[in-house]
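**Q** Provided herewith is a single structure, encoded as structure tokens, for subsequent inquiry.
The values are calculated or read from the model by the stated rules, or taken from the named source; none is laboratory data. Predicted, not measured: the structure shown is a model, and the values here were computed from it. With ideal geometry, Cβ positions are generated from the backbone for all residues, glycine too; neighbour counts draw on all protein chains shown.
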Amino acid sequence: GAGVSQSPSNKVTEKGKDVELRCDPISGHTALYWYRQSLGQGLEFLIYFQGNSAPDKSGLPSDRFSAERTGGSVSTLTIQRTQQEDSAVYLCASSPINRATPTDTQYFGPGTRLTVL
Amino acid sequence: EDKVVQSPLSLVVHEGDTVTLNCSYEVTNFRSLLWYKQEKKAPTFLFMLTSSGIEKKSGRLSSILDKKELFSILNITATQTGDSAIYLCAVETYNTDKLIFGTGTRLQVFP
């Protein structure tokens with residue numbers, strides 16, 4: 001079956017431009033995470049969506065970062081006025097958390113490599 | 001296709017038990033294997049392993065890599081309720097700087 005997909009796989013942009021990164025979770029997965037993997041910084045949580053609940057935005061590093069999840073499926077992470085320190089790999093993961101079979105198993109996408117020049 | 005598989009997906013133990021978490025991988029141009037502990041939403045780095053047979057240790061946690069059999073184990077001795085978390089395994093290759101993650105093992109430690 002299809003796993004989590006992300007697009008684009010690579011994105012090069014100029015400082016100050018806006019970018020949109022897309023995540024297609026596994027069909028039926030109610031939970032969706034965005035992480036950032038920076039060189040030497042490890043894995044950083046950004047935002048979490050679970051069903052119709054308000055998203056947990058506690059990891060977003062600044063108000064230039066936002067994310068939405070339309071129809072409980074596809075998610076878009078938007079970075080406005082990109083800065084060089086935004087350069088990183090942005091990872092998305094989805095999880096089949098539901099009341100019937102609660103589990104935290106996360107299925108990671110391949111990531112989007114963002115380079116801000 | 002590169003892949004990382006963790007087992008078990010879920011583990012429930014009592015305080016004081018010892019647990020072993022497994023991570024196997026099939027990748028080209030292996031570079032390193034990393035273990036993370038994820039409580040709530042934020043993963044924290046535990047270990048990076050690059051060489052076979054050399055145990056890395058931090059308190060009650062230890063990990064070792066077998067590059068011949070393509071797996072790593074994470075051991076936790078004398079478990080405590082604070083060890084309850086998701087343990088993520090990820091592999092780095094020379095092909096790309098993107099990490100390839102397993103699905104994680106959910107560990108629950110009860111008093």
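Let's see how each residue does on (1) in contact with a helix residue (DSSP H, G or I) (Cβ under 9 Å, 6 or more places away or on another chain); (2) polar (S, T, N, Q); (3) at pLDDT 95 or above; (4) under 23 Å from A:THR105 (Cα atoms):
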position: B:VAL19; (1), (2), (3), (4): yes, no, yes, yes
position: B:SER24; (1), (2), (3), (4): no, yes, yes, yes
position: B:ARG60; (1), (2), (3), (4): yes, no, yes, no
position: B:ASN75; (1), (2), (3), (4): no, yes, yes, yes
position: B:TYR94; (1), (2), (3), (4): no, no, no, no
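**Q** Quick check: anything in the range B:85-94 within 14 Å of chain A (Cβ to nearest Cβ), outside any strand (DSSP E or B) and closer than 30 Å to A:GLN6 by Cβ?
**A** no
**Q** Turning to a different aspect of this structure: Considering the range B:8-30 alone, what residues qualify as being in a strand (DSSP E or B), within 14 Å of chain A (Cβ to nearest Cβ) and surrounded by 14 or more Cβ atoms within 10 Å (Cβ to Cβ)?
**A** The answer is B:SER10, B:LEU11, B:LEU21, B:CYS23, B:TYR25.
**Q** Which numbered condition in (1) more than 14 Å from every other protein chain (Cβ to nearest Cβ); (2) surrounded by fewer than 18 Cβ atoms within 10 Å (Cβ to Cβ); (3) touching an Asp or Glu at 6+ places or on another chain (Cβ under 9 Å); (4) of a type in the set (Gly, Ala, Ser) is the only one that A:SER75 fails?
**A** Unmet for A:SER75, out of (1) more than 14 Å from every other protein chain (Cβ to nearest Cβ); (2) surrounded by fewer than 18 Cβ atoms within 10 Å (Cβ to Cβ); (3) touching an Asp or Glu at 6+ places or on another chain (Cβ under 9 Å); (4) of a type in the set (Gly, Ala, Ser): (2).
**Q** When the residues of the range A:88-106 are narrowed to those that are farther than 20 Å from A:LYS57 by Cα and either at the interface with chain B (Cβ under 9 Å from one of its Cβ atoms) or at pLDDT 95 or above (or both), which ends up surrounded by the most Cβ atoms within 10 Å (Cβ to Cβ)?
**A** By that ranking, first place goes to A:THR105.
**Q** Just a yes or no: is a residue in the range A:52-68 at pLDDT 85 or above, at positive phi and either in a loop (DSSP other than H, G, I, E, B) or touching a Phe, Trp or Tyr at 6+ places or on another chain (Cβ under 9 Å) (or both)?
**A** no
**Q** Right, here's the next one. Kindly indicate which of B:SER63, B:SER72 is closer than 12 Å to B:VAL19 by Cα, part of a strand (DSSP E or B), of a type outside the set (Phe, Trp, Tyr) and away from every other protein chain (no Cβ under 12 Å).
**A** Unique residue meeting the criteria: B:SER63.
**Q** Is the range A:23-36 home to any residue that is without any contact (Cβ under 8 Å) to a residue 12 or more places away in the chain and closer than 20 Å to B:THR103 by Cα?
**A** no
**Q** If you take the residues of the range B:97-111 that are farther than 12 Å from B:CYS23 by Cα and more than 8 Å from chain A (Cβ to nearest Cβ), which of them is surrounded by the fewest Cβ atoms within 10 Å (Cβ to Cβ)?
**A** For the range B:97-111, the residue satisfying everything is B:PRO111.
**Q** Mind checking which residues of the range A:9-51 are outside any strand (DSSP E or B), closer than 23 Å to A:SER87 by Cβ and within 12 Å of another protein chain (Cβ to nearest Cβ)?
**A** A:SER9, A:LEU39, A:GLY40, A:GLN41
**Q** Here's something else I'd like to know. Confirm whether B:THR44 is touching a strand residue (DSSP E or B) at 6+ places or on another chain (Cβ under 9 Å), assigned to a loop (DSSP other than H, G, I, E, B) and within 14 Å of chain A (Cβ to nearest Cβ).
**A** Against the criterion (touching a strand residue (DSSP E or B) at 6+ places or on another chain (Cβ under 9 Å), assigned to a loop (DSSP other than H, G, I, E, B) and within 14 Å of chain A (Cβ to nearest Cβ)), B:THR44 does not qualify.
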